[in-house]
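Right, one structure below, let's go through it.
The values are calculated or read from the model by the stated rules, or taken from the named source; none is laboratory data. It should be emphasised that the depicted structure is a prediction, and the values quoted were computed from it without experimental measurement. Heads up, the Cβs are rebuilt from the backbone with ideal geometry, glycines too, and the neighbour counts pull from every protein chain shown. Ligands, DNA and RNA are excluded from the accessible area calculation, which covers all protein heavy atoms including side chains. Shrake-Rupley method; radii C 1.70, N 1.55, O 1.52, S 1.80 Å.
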Amino acid sequence: MTLSAAGLSRARCGSQTLHAEWTKLRTVASTGWLLLGTIALTVAVSATADAAATCPSGGCQADPAKLSLTGVQAGQAIVAVIAVLAVSGEYSTGMIRITLTAMPRRLTVLAAKATLVAGLVLAAGSVAVPASVLAGRLILPGHGFTLADGYPPLTSPPPLSSGDGPVLRAAIGSVLYLVLIALLSLGVATAVRESAVAIGLVLGLLYVFPVVTSVVGNQHWQRHLEQIGPMTAGLYIQATANLSSLPLTPWEGLGVLALWAAGALIIGALIFRFRDA
């Protein structure tokens, strides 16, 4: 009975903390606008990339699915901001002291934030990614990506049906990619607290590996950098062509990003647990 009562008490505390964090997130105007911005930017950049692409009648090496999901690389920046502000906003206003007074279990607070941020990004990604794929399906055939040239349609109506195979995997993986970016950003923000520093660290971590890889002349080191970079490895999930040439399989690449996110959350949780608010 005692154990059952303790478990019930923890569950109630977790539910109350989740509700409190949800109230804070939904009452901040920037949350909704940033989520809408994620969707708009992802779809707009993807459609622009589709419109700019051309494939001559002789064929080309482009991956239509990956091309149609180009906007994920832009949308992830806003996702990082959403996750960072979920933590750093409370430090900048001093509300974190009130939060921890009401709920002294710090890991419960962090778990509630992670759950809600992941859920919101999952919802936004579930709109942005299929819309980007649909934009590719509508735009790319007019730019040479036709069945006659060896490019089957990205999807058959309805968009992203179970028969789409690799495209469905790329789309689902892209949504998960955005969720993992959010969790990575949340962990970094929990560790450093300052919004500007956290956003800078996250974006630097994402984009520094591709930059360094491009200037490294040794192909062996290039391959290793691509395998460990959170963005380069994570985006392998979008590939639907020439998979044998990738340094990692699509799911292995997403797993690398998951390890980065888990590491950031663990470090952030340890610092949050033992540091003064």
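Listed here are the residues, each with its yes/no results for (1) at pLDDT 90 or above; (2) open to solvent by less than 50 Å² (accessible area, probe 1.4 Å); (3) part of a helix (DSSP H, G or I); (4) over 25 Å from Ile78 (Cα atoms).
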{"site": "Leu100", "(1), (2), (3), (4)": "no, yes, yes, yes"}
{"site": "Pro104", "(1), (2), (3), (4)": "no, no, no, yes"}
{"site": "Thr115", "(1), (2), (3), (4)": "yes, no, yes, no"}
{"site": "Ala118", "(1), (2), (3), (4)": "yes, yes, yes, no"}
{"site": "Leu122", "(1), (2), (3), (4)": "yes, no, yes, no"}
{"site": "Val127", "(1), (2), (3), (4)": "yes, no, yes, no"}
{"site": "Pro130", "(1), (2), (3), (4)": "yes, yes, yes, no"}
{"site": "Ala135", "(1), (2), (3), (4)": "yes, yes, yes, no"}
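If you go through segment 173-203 and keep only what is under 16 Å from the mean Cα position of the chain (by Cα), open to solvent by less than 10 Å² (accessible area, probe 1.4 Å) and β-branched (Val, Ile, Thr), you end up with Ile181, Val202.
When the test is whether a residue is within 17 Å of Ala86 (Cβ to Cβ), hydrophobic (A, V, I, L, M, F, W, C) and in contact with a Ser or Thr (Cβ under 9 Å, 6 or more places away or on another chain), Phe209 does not pass it. The selection criterion, being farther than 29 Å from Leu246 by Cβ, in a helix (DSSP H, G or I) and open to solvent by 20 Å² or more (accessible area, probe 1.4 Å), does not hold for Ser88.
Got at least one residue in segment 213-223 being within 22 Å of the chain's Cα centre (by Cα) and open to solvent by 20 Å² or more (accessible area, probe 1.4 Å)? If you could, list the steps in order and put the result at the bottom.
Step one: list which residues in segment 213-223 are within 22 Å of the chain's Cα centre (by Cα), which gives 213.
Adding the requirement that they be open to solvent by 20 Å² or more (accessible area, probe 1.4 Å) leaves none.
Within segment 213-223 (the criterion being within 22 Å of the chain's Cα centre (by Cα) and open to solvent by 20 Å² or more (accessible area, probe 1.4 Å)), the answer is no, since none of the residues qualifies.
Taking the criterion of being under 21 Å from Ile172 (Cβ atoms), at pLDDT 95 or above, open to solvent by 40 Å² or more (accessible area, probe 1.4 Å) and over 14 Å from the mean Cα position of the chain (by Cα), the only residue of segment 44-79 that qualifies is Val45.
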